[in-house]
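The values are calculated or read from the model by the stated rules, or taken from the named source; none is laboratory data. Keep in mind the model is a prediction, meaning the values are calculated, not measured. No Cβ is skipped: glycine too gets one built from the backbone with ideal geometry, and neighbour counts run over all protein chains shown. Heavy atoms of the whole protein, side chains included, go into the accessibility calculation; ligands, DNA and RNA do not. Shrake-Rupley method; radii C 1.70, N 1.55, O 1.52, S 1.80 Å.
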Amino acid sequence: MYSSSIFDTFSPQEPQRAPIGVFDSGVGGLTVLRQIYQQLPNESIIYVGDTARLPYGIRSQTEILQFVREILHWMQQQRVKMAIMACNTSSALALDIVRQEFNFPILGVILPGARAAVQQGQRIGVIATPATAQSNAYRQAILEIQSNVQVWQVSCPEFVPLIEQNRIHDPYTMEIAKTYLEPLIEKEIDTLVYGCTHYPLLSPILRSLLPHQVKLIDPAVHVAAACSQELDILGIKNTHPPMPTRFAVSGSSQQFTQSSLQCLGYTPMVEQVCFADTVLS
Ligand code: DGL
């Protein structure tokens, strides 16, 4: 579908130098960006945070579809060679639909996460946003790969707002995390999937609440590996030094600079973009 047109669309001589677009509603996708830095150090990245419209996890499918189309359209204008939905909510509600609409490959986090989960355990818990949990996307993906495992999904509506407000170490976050994990601990899960890219930022808290034998699955690790594989297959992996990462957000650039600092370990230059302005063709 995209393979015949990809070389026509991007930097004609050297498509491998084109950036990869990575997007999320906010800072959650930085957990995927970190993995890309580690596994694909030569790739240039454009990171999009749709911070003016987060949290995505309480939005309808119609809204998510519209936001995702706007962001991907903007990315197309920036001539990305590939896009990564570093957002489970978008991957659950929009990936299958928008994949057909753009002429570059689009990867989501759910399938790589589901594949990794079944390799680790049999009693799998998934913590996710309300929209992702309700969609059943993880349960379906996991059971399609391996039908004899058990899956429990828990919706965690308060996590994303707490993380975006830099309240990770707030005692309230620990309290609410206990409430969310309790039913999964009761089910004696052996594996827990971070079904939202924000949640690895809570890993010290979640780890401290879970029995030590429970394995944690971060789909970010596995989507970066899938991205590497796809770039190899398409022959567009960059072998030159990368451009500095470009950060574009729809909300306050200053706020994003502050909230991303801890995850990135450096102060990013952040520009503000109105994705809703992109004209859909
Ligand atoms: N980090 C995103 C996800 O993985 C979106 C969270 C949100 O905005 O609710 O679902």
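Values for this structure:
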item	result
Cα lying deepest toward the dipole's positive end in segment 133-229, options 147, 200, 177, charges on Cβ	147
Cα-centre dipole for the chain with unit charges at Cβ (Lys and Arg positive, Asp and Glu negative), debye to 20	280 debye
Residue with peak Gaussian network fluctuation, the chain [Cα springs, cutoff 10 Å], from 141, 117, 220	141
Nonlocal amide H pairs with residue 216, under 5 Å, H built at 1.01 Å	192
Whole-percent carbon and sulfur share, accessible surface of segment 65-114, 1.4 Å	44 percent
Rounded tilt (10° steps) of 219-234 against the dominant C-alpha axis of the chain	30 degrees
Separation of the residue 120 and residue 216 label points, Cα + 7 Å toward Cβ, nm	0.9 nm
Accessible area of segment 154-208 divided out per residue, in Å², using a probe of 1.4 angstrom	44 Å²
Size of electric dipole in segment 20-76: Cβ of Lys, Arg +1 and of Asp, Glu -1, about Cα centre, debye, nearest 20	60 debye
Net charge of Cβ neighbours under 14 Å - reference residue 200; Lys, Arg +1; Asp, Glu -1	+1
Three-way shape label, segment 1-136, alpha-carbon gyration tensor, a/c 1.5	prolate
Furthest towards positive pole of dipole, 93, 129, 118, structure part segment 1-157, Cβ charges	118
Segment 119-252: C-alpha gyration tensor shape, a/c 1.5 cut-off, then a/b vs b/c	oblate
Taking segment 120-159 and dividing mean pair separation by its residue count, relative contact order in percent (alpha carbons under 8 Å, at least six apart)	58 percent
Formal net charge of residues neighbouring residue 142 (Cβ-Cβ distance under 15 Å; K, R +1; D, E -1)	+3
Segment 170-281, dipole about Cα centre (Lys/Arg Cβ +1, Asp/Glu Cβ -1), debye to the nearest 20	240 debye
Per residue Cα convex hull volume in Å³ - calculated over the chain	120 Å³
Carbon + sulfur, % of accessible area of segment 180-281 - ligands and nucleic acids excluded, 1.4 Å	54 percent
Gaussian network model of the chain, Cα within-10 Å springs - most flexible of 156, 263, 227	263
